[in-house]
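Asker: Below you'll find the structure I mean.
Bear in mind that the values in this text are calculations on the coordinates, not laboratory data. Being a predicted model, the structure only gives us computed values, none of them experimental. Because the Cβ atoms are built from the backbone with ideal geometry, glycine has one as well, and the counts that use them run over all protein chains shown.
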Amino acid sequence: MMNRRRWLQDTLPAAIAACLAPNVFAQAPTPSPWPSRPLRMIVPGGAGSGTDLVARVFADPLSRALRQPVVVENRPGANGIVGNNLAAKAAPDGYTVLFSNASAIAINAALRDDMPYDTNQDLAPVIQVSAGGVLLVATAETPVRDLASFVDYVRAHPNLAYGTWGVGSTGHLAMEAIARQRELRMRHIPYKTMGQLLTDLQGGVVSIAFVDARSPLSLIQARKLVPVAMTGTRRSPMLPEVRTLKEQGFDLDLDGWYGVFVPAHTPAGIVLRLNEEIARVMVAPALQASFAQQGLLWVEKNSPEQFARVIQRDIRAWKSLAASAKIKVD
């Protein structure tokens, strides 16, 4: 009797567990492998903008690497804030990625207190994919051929209008830094898209502008625009003859960049998988050739933490530059 009782005590719990286990596990949700459906890549710039062109070059090989479509979605406005905010407020499930740039991310964070999202709290850096500067151009009708002749021209035309792709953009801050260092008086005209700015350059509405290196290439080749100087620490591979601001005697060498983000709280495993897949895409010779054609500089593989440090460094630098140039964004 005692042996039977002991046998029941020893075996009954295990038997009950064995009977219940299939039901318990059947009710537990099985996570779908990521990615199991298309991703959307939000671009905070209009169609044809520098960010858009680079994102589209990047989206195709990334689609093949992930074996899911990566659909580019243009959301321009407010120097990138509209698109950044849409990504920041998206579900953190790995199916929304943001392809943004230094101007839209770091400069906005440095200059604005009224953004609808917090750069540090609502967006998670994944990887920096390239570096590069922006290009100062003049119309061929002006005598401007380098920074020295640019300074002479502006001094001869006080309050000269110049264009950029937005208040607080990289081009805006770069021009204000130049004006401050050489005591120049200029008037800023911000544009919503690069296409509108290039149209007004051709129409003579503005004769001086900061643009991305890729967009005006056909106009430069047609000798309608003159490349004057590049920002950043290295010359553009697309315009290797154009000297940097630093090479022409101006104390400004901050690089711009493009990078990938996801909404904060996206699972760490997805962030790391994205980082690894994008890093593999970046070293492909075809992509590097495409980036060079866009005027971009290759960067080494970097972790989310390394990219986050680049962003924080740039926020501090742009904040200091904006303060010295007395730039305020309302």
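Asker: What is the ratio of the Cα radius of gyration of the range 136-175 to 2.2 N^0.38 Å, where N is its residue count, to two decimals?
Answerer: Compared with the compact-globule rule of thumb, the range 136-175 sits at 1.20.
Asker: Another question, then. Taking the Cα atoms only, what angle lies between the long axis of helix 170-182 and the longest principal axis of the chain, rounded to 10 degrees?
Answerer: Helix 170-182 sits roughly 40 degrees off the main axis of the chain.
Asker: Now for a different question. In terms of Cα to Cα distance under 13 Å, which aspartates and glutamates are near enough to K192, apart from those fewer than 8 places away along the same chain?
Answerer: Cα-Cα hits under 13 Å: D200.
Asker: Next question, about the same structure. Distance in nm between label sites at K224 and K89, each 7 Å beyond Cα in the beta-carbon direction?
Answerer: 3.8
Asker: Where the convex hull is taken over the Cα atoms of the range 35-171, what is its projected area averaged over directions, in nm²?
Answerer: The directionally averaged projection comes out at 10.1 nm².
Asker: If you work out Rg and Dmax of the Cα atoms in Å from the coordinates, which of (1) 25.6, 112; (2) 21.0, 68; (3) 27.8, 96 do you get?
Answerer: (1)
Asker: OK, next. By how many nm would the segment from Q202 to N159 lengthen if fully extended, with 0.36 nm per residue of separation less the alpha-carbon distance?
Answerer: Separation in residues times 0.36 nm, less the Cα-Cα distance, equals 13.5 nm.
Asker: Starting from 0.36 nm per residue, how many nanometres of slack lie between R309 and S324 once their C-alpha separation is accounted for?
Answerer: Between R309 and S324, full extension yields an extra 3.1 nm.
Asker: What does the charge count around A161 come to, taking other residues whose C-beta lies under 13 Å from its C-beta (Lys +1, Arg +1, Asp -1, Glu -1)?
Answerer: With Lys, Arg at +1 and Asp, Glu at -1, the neighbours total +1.
Asker: Counting other C-beta atoms within 10 Å, and keeping those with at most 11, which DSSP coil trypsin sites (Lys or Arg not before Pro) do you find in the range 173-253? Before the final figure, lay out each step's value.
Answerer: Values: sites: R180, R182, R185, R187, K192, R214, R223, K224, R234, R235, R243, K246; in loops: R185, K192, R214, R223, K224, R234, R235, R243.
Hits after loop and neighbour filter: R185, R223.
Asker: Pick out, from P35, G132, V226, the residue whose Cα sits farthest towards the positive end of the charge dipole of the chain, with +1 on the Cβ of Lys and Arg and -1 on the Cβ of Asp and Glu.
Answerer: P35
Asker: If you don't mind, another one. To the nearest 20 Debye, how big is the dipole of the range 140-248 about its Cα centre, given +1 on the beta carbon of each Lys and Arg and -1 on that of each Asp and Glu? Walk me through the numbers before you get to the answer.
Answerer: On the way: 14 positive and 9 negative charges, 25 e Å.
That gives a dipole near 120 debye.
Asker: Let me ask another. How big is D for the range 140-248, in µm² s⁻¹ as a whole number, if Stokes-Einstein is applied with the Kirkwood radius of its Cα pairs at 10 °C and 1.306 mPa s? All intermediate terms of the calculation are to be shown ahead of the outcome.
Answerer: Numbers: Rh = 14.1 Å.
For the chosen part, D equals 113 µm²/s.
Asker: Next question. Looking at the chain as a GNM with Cα springs under 10 Å, which of S63, S169, S236 has the largest mean-square fluctuation?
Answerer: S63
Asker: Sticking with this structure for a sec: Charges on Cβ only, +1 for Lys and Arg, -1 for Asp and Glu, centred on the Cα centroid of the chain; of V211, W298, L245, which one is farthest towards the dipole's positive end?
Answerer: W298
Asker: What distance in nm separates the simple spin-label points at R316 and R273, each placed 7 Å from Cα in the Cβ direction?
Answerer: 3.5
Asker: So, R0 is 41 Å and r is the distance between the beta-carbons of D118 and D251; what FRET efficiency does that work out to, to 0.05?
Answerer: Working: r = 31 Å, r/R0 = 0.76.
It comes to 0.85.
Asker: Taking amide H atoms as placed 1.01 Å from N in the peptide plane, list the residues 5 or more away in sequence, or in a different chain, whose amide H sits under 5 Å from that of E73.
Answerer: When sequence neighbours closer than 5 places are left aside, the close amide H contacts are M41, I42, V43.
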